[in-house]
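One structure is given here, and the rest of the page talks about it.
The values are calculated or read from the model by the stated rules, or taken from the named source; none is laboratory data. Remember, it's a predicted structure, so these values are computed and weren't measured experimentally. Cβ coordinates were reconstructed from backbone atoms using ideal geometry, including for glycine residues, and neighbour counts include every protein chain displayed. For accessibility, only protein heavy atoms count, side chains too; no ligands or nucleic acids. Shrake-Rupley method; radii C 1.70, N 1.55, O 1.52, S 1.80 Å.
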Amino acid sequence: DAKSRGRNRLRFFNQSMQVEVTQRTTLTNRLRQGLERKEFFLHFQPQFDERDQVLGAEVLLRWHHPEHGNYPPAEFIPVAETTGLILPLGRWVLEKSCQQLAEWAHDPEKQHWQLAVNISPRQLHDGHFVDEVQDILQQTGAPASQLMLEITESQLLEDIDEAVSQITRLAAMGISFALDDFGTGYSSLQYLKNLPLQQLKIDASFVRDILDDSSDKAIIKTILALGDSLELDVIAEGVETHEQYRTLYHMGCRQFQGYLLGQPGPVEDLPA
Ligand code: C2E
Ligand code: MG
Ligand code: MG
Ligand code: MG
């Protein structure tokens, strides 16, 4: 009858919730251990201008667990965020990225490259973030002008006043900001105006269907126009085909990132 069916469903629900909690705990322990055992490393995905010149790269965190293998960031970053482990992890990413920038600073071919580092909301709202970034720049000797931080719209909305104040202080140090996954969150043109941003990143989901979906194309057109009038660079992410590239170019896009141009990989793989 309906009642026992309901009970069964309830039991099933509880079991699957239990499994989820156990998996989360396992992942949390593995993350903590992974930090100690230095199982994390960085990949770099090149970014290009319209003349195919390298502008720099986005830094993407990678985790190789000795038994489990490679965890995708989409799986472990949300857990790192809820547990707060993103704070030491994010600090490590920034340190490594700044060490890389300091190395490039002596190389005439690479000293103009920027590194774009993804920042989680937890980091931005931590209260120590500005000091931490300042310390890392000082310790590594990385030029602040070559560091770009990628934030998302949802991140700003958590506490917009706090976010604006942190970002303004960091921008005053010479750091650039990109708004990642742009168009997927709740944008307010008001904060776009008030934030010292350098770049908007067109989310890959719009680029994916640009050829067949007229609303995606219209959204991209709007983002490009917005960038134009607010004097922001606009970069397209997730460019996978020549057709997508050509369409974006004809629409006025001048910065590109995606598998067509370069996969994320070890730093040695960045094109000279
Ligand atoms: P994101 O910042 O939007 O990064 C772009 C994602 O798109 C990366 O996935 C990249 O590998 C992937 N990608 C690049 N080109 C293409 C393409 O042509 N086609 C497709 N389909 N995908 C492409 P990844 O490395 O799996 O990272 C996923 C997300 O995890 C990132 O999205 C970012 O939000 C987060 N993430 C990665 N590294 C870090 C980090 O160090 N700190 C924080 N807080 N988040 C990170
Ligand atoms: Mg990003
Ligand atoms: Mg993105
Ligand atoms: Mg993303």
- Evaluate the relative contact order of the chain (contact order divided by residue number), counting alpha-carbon pairs under 8 angstrom at least 6 apart; express in whole percent. 17 percent
- How are the C-alpha pair distances of the stretch 159-211 spread across 10 Å bins, as whole percents from the shortest bin up? 22, 48, 22, 7, 0
- residue 225-residue 157 FRET efficiency (beta carbon distance; Förster radius 22 Å; 0.05 resolution): 0.45
- Query: Once the Cα gyration tensor of the chain is found, what semi-axes does its equivalent ellipsoid get, as square roots of 5 times the eigenvalues, in whole Å, sorted largest first?
  - Reply: 32, 25, 20
- Message: Quick check for you: with a 1.4 Å probe and neighbouring chains kept, what is the accessible area per residue of the chain, in Å²?
- Response: 52 Å²
- Item | Within the accessible area of the stretch 75-194 (1.4 Å probe), percent carbon and sulfur | 48 percent
- Roughly what % of DSSP beta bridges within the stretch 2-131 run antiparallel, to the nearest 5? 75 percent
- Cα lying deepest toward the dipole's positive end in the stretch 202-272, options 238, 219, 259, charges on Cβ: 219
- Would you list which lysines come within 21 Å of residue 38, measuring only between C-alpha atoms, while excluding same-chain residues fewer than 8 positions from it? 96
- Item | Eligible lysines near residue 221 by straight Cα distance, threshold 29 Å, same-chain separation 8 or greater | 193, 201
- Query: How far is helix 160-172 tilted off the main Cα axis of the chain, in degrees rounded to 10, range 0 to 90?
  - Reply: 40 degrees
- residue 106 to residue 251: extension gain in nm, 0.36 nm per residue of separation minus the Cα-Cα distance? 48.5 nm
- How high is the FRET efficiency from residue 25 to residue 259, r the C-beta distance, R0 35 Å, rounded to 0.05? 0.50
- Query: Angle, helix 214-230 long axis vs. longest principal axis of the chain, Cα atoms, 0 to 90°, nearest 10?
  - Reply: 50 degrees
- Task: Apply 1/(1 + (r/R0)^6) to the Cβ-Cβ distance of residue 214 and residue 32, taking R0 = 41 Å, and write down the FRET efficiency to the nearest 0.05.
- Result: 0.30
- Gain upon complete extension [residue 62, residue 194; 0.36 nm per residue less C-alpha separation]: 44.2 nm
- Item | Helix axis angle, 86-104 relative to the chain longest principal axis, alpha carbon, degrees | 30 degrees
